[in-house]
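Read-outs throughout are calculated quantities, based only on the coordinates presented, and are distinct from any laboratory measurement. Keep in mind that this is a model prediction, so the values were computed, not measured. Glycine gets a Cβ as well: all are built from the backbone with ideal geometry, and neighbour counts include every protein chain shown.
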Amino acid sequence: MKKKKLALSFLIIGLIYVMLCGYTSVFDENASKVYDDAGLLEESEIEDLQKHCVSAAKQMKLDIGIVTTEDTQGKSTMAYADDFYDYNGFGYDQGYSGLIFLIDMQNREFYISTCGIAIQYFNDADIESILSALDEPMGNHDYYGAADTFIDKAVQHVRKINREYASEVDPWFEEDYTDYEDYKEAHDFDNERKVNILSNIFADIGIAMVVSAIIVLIMASGSKAKMTANANTYLNNNKLKIHHQSDIFLRTTVEKHKIESSDGGGHGGGSSHHSSSGRSHGGGGHSF
């Protein structure tokens with residue numbers, strides 16, 4: 001009896017372990033998310049951004065941070081952003097998913113670095129769109145405003161992807177990936193979309209052929225009946241009189257309709273590279 005209870009206990013523990021292993025979060029909400037090494041922010045602004053980052057990370061399931069510097073230690077802005085992310089404990093899961101916003105005062109650039117599934121969430125066009133929204137506050141030296149806007153834009157974008165392109169990010173959470181390149185190789189979404197589009201085209205052609213065949217058969221069966229009416233059947237030659245004919249132009253009405261694109265395309269992840277730690281990163285930057 002004791003052996004059976006022990007075996008049952010191990011079984012329950014095993015099931016709990018399997019369920020928990022489906023997605024493992026390593027996010028630490030008590031860790032610093034704002035590093036103002038260039039001294040661009042007030043203490044109250046740092047505290048506010050810290051809270052904003054933690055709240056946004058929980059919503060997105062992506063870590064997020066703000067970094068400022070006056071010294072990139074001889075590295076490019078991109079390399080500094082990637083390495084700062086890798087060596088300062090950022091990452092929401094075992095794949096180190098997340099993104100940071102770097103303000104580089106030495107090279108006068110601001111840069112977004114992505115890692116893990118964040119590379120899929122934020123493709124090159126998405127990053128460029130967010131950077132463009134930050135051009136104005138950065139040009140006005142409103143560094144707090146730029147950082148705050150960055151966080152808001154990131155949350156809004158993740159919500160959109162989860163709503164419209166969930167199939168492109170869900171496998172990451174369901175299959176517990178630790179490297180974006182492995183994830184991208186296993187899920188060729190571009191190819192999957194092409195296959196789906198071709199399948200839909202062939203299905204539409206098949207349906208059109210069936211409908212056309214039915215119409216032809218109906219017309220063929222109806223043509224066997226003898227036609228008794230002709231052009232003179234409904235014409236009374238004694239009463240038809242045309243007195244006057246004229247065309248009067250009244251008005252022109254123009255209606256405009258937006259043509260929505262329906263090419264069946266998906267979102268697609270961003271381009272990626274490897275940092276000094278060997279991790280995959282995406283990203284982009286602007287000068288100011």
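Give me the distance in nm between label points sitting 7 Å out from Cα along the Cα-to-Cβ direction at Asp182 and Ala38, one decimal.
So the two model labels end up 3.6 nm from each other.
For Ser76 and Asp142, what is the calculated FRET efficiency with R₀ set at 22 Å and r taken between the beta-carbons, to the nearest 0.05? Walk me through the numbers on the way to the answer.
On the way: r = 25 Å, r/R0 = 1.13.
So, using R0 = 22 Å, E works out to roughly 0.30.
To make sure I understand, if each residue's beta carbon is the centre and we count other beta carbons within 10 Å, what order do Val34, Val26 fall in, fewest to most?
On the way: Val34 21, Val26 13.
With the fewest neighbours first, Val34, Val26 line up as Val26, Val34.
For the stretch 142-154, just list the computed ³J(HN,Hα) in residue order, Karplus coefficients 6.51, -1.76 and 1.60, θ = phi - 60°, integers in Hz, with x standing in for Gly and Pro.
Along the stretch 142-154, the couplings run 8, 6, 5, x, 5, 5, 5, 5, 4, 4, 4, 5, 5 Hz.
Separation of the stretch 127-161 and the stretch 33-49 by C-alpha centroid, Å?
Result: 16 Å between the Cα centres.
Please give the FRET efficiency for Phe173 paired with Asp124, using the beta carbon to beta carbon distance and R0 = 30 Å, rounded to the nearest 0.05. It would help to have the intermediate numbers written out before the result.
On the way: r = 23 Å, r/R0 = 0.76.
E(calc), rounded to 0.05, equals 0.85.
Taking every alpha carbon pair in the stretch 36-125, what does the distance histogram look like in 5 angstrom bins from 0, in percent?
3, 15, 24, 24, 20, 12, 3, 0
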